């Protein structure tokens with residue numbers, strides 16, 4: 001199966017968004033992490049009913065429990081986004097995709113002071129409270145009911161140190 005490599009340099013360039021899975025992931029990041037509008041929708045609009053989440057600490061969740069764990073993992077964030085440095089995506093049988101994205105998660109903590117200094121800048125030039133190195137292993141399947149390009153996310157493995165985020169959240173009383 002063909003493998004495609006991208007070097008988006010901390011952004012979402014058109015060359016990356018041309019890939020169906022990455023177009024989905026960009027919309028997913030906006031709806032689940034930045035605006036959090038998808039939290040109020042049935043999780044199956046974006047995720048397969050048997051979605052599997054493997055968290056940074058190795059815990060695995062499946063189905064609705066996985067969607068709830070994903071949402072709960074963002075409770076300390078006012079919002080977050082992902083800036084990717086490199087993405088590897090492989091076509092799978094059945095028209096899906098599987099791959100890894102390496103980069104950073106940018107976080108603004110909930111309950112922060114207005115006008116506080118933002119020490120980290122993403123590829124869009126936006127300031128954030130913290131940036132943490134992360135890698136995401138994702139499996140996407142073809143599903144015509146998917147919200148973007150007939151794709152849904154069926155598995156996500158999160159690799160990274162949560163300690164920086166936990167420390168920052170604790171500083172702000174979260």
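Bear in mind these aren't lab numbers, they're just calculated from the coordinates by the rules spelled out. All of these numbers come straight from a predicted model, not from anything done at the bench. A quick note on method: Cβ atoms are made from the backbone with ideal geometry, for glycine too, and the neighbour counts reach across all protein chains shown.
Quote to one decimal, in nm, the extra length available between residue 41 and residue 110 on full extension: 0.36 nm per residue of separation minus the C-alpha distance between them.
Working: separation 69, 0.36 × 69 = 24.84 nm, distance 2.15 nm.
Result: 22.7 nm gained on full extension.
Taking 40, 18, 31 in turn, the Gaussian network model of the chain (Cα-Cα springs below 10 Å) assigns the largest fluctuation to 40. Distance between the pseudo-spin-label points of residue 69 and residue 86 (7 Å out from Cα toward the beta carbon): 2.8 nm.
Can you sort 19, 39 so the residue with the fewest Cβ neighbours within 10 Å comes first? Working shown, then result.
Details: 19 20, 39 14.
Ranked by crowding around the Cβ, least crowded first: 39, 19.
Just to be sure I understand: if I project the alpha-carbon convex hull of segment 1-97 onto a plane and average over all orientations, what area do I get in nm²?
On the way: hull surface 27.9 nm².
So the Cα hull casts an average projection of 7.0 nm².
Can you tell me the relative contact order of the chain? Whole percent, Cα pairs under 8 Å, sequence separation 6 or more. Provide the component values of the computation, followed by the final result.
Values: 353 pairs, mean separation 44.6, N = 174.
Averaging sequence separation for qualifying contacts and normalising by length gives 26 percent for the chain.
What the Cα atoms of segment 40-139 give is an Rg and a Dmax of 15.5, 49 Å.
Overall shape of the chain was characterised from the C-alpha gyration tensor. The equivalent ellipsoid obtained from it has semi-axes of 26, 19, 14 Å, in decreasing order. Per residue, the average separation of C-alpha pairs within less than 8 Å and at least 6 apart gives segment 66-147 a relative contact order of 30 percent.
Taking every C-alpha pair closer than 8 Å and separated by at least 6 residues, the mean separation divided by the residue count of segment 19-70 gives a relative contact order of 22 percent. Treating r as the C-beta distance of residue 142 and residue 15 and R0 as 30 Å, the FRET efficiency rounds to 0.85.
A Förster radius of 22 Å combined with the Cβ-Cβ distance from residue 121 to residue 161 puts the calculated FRET efficiency at roughly 0.65.
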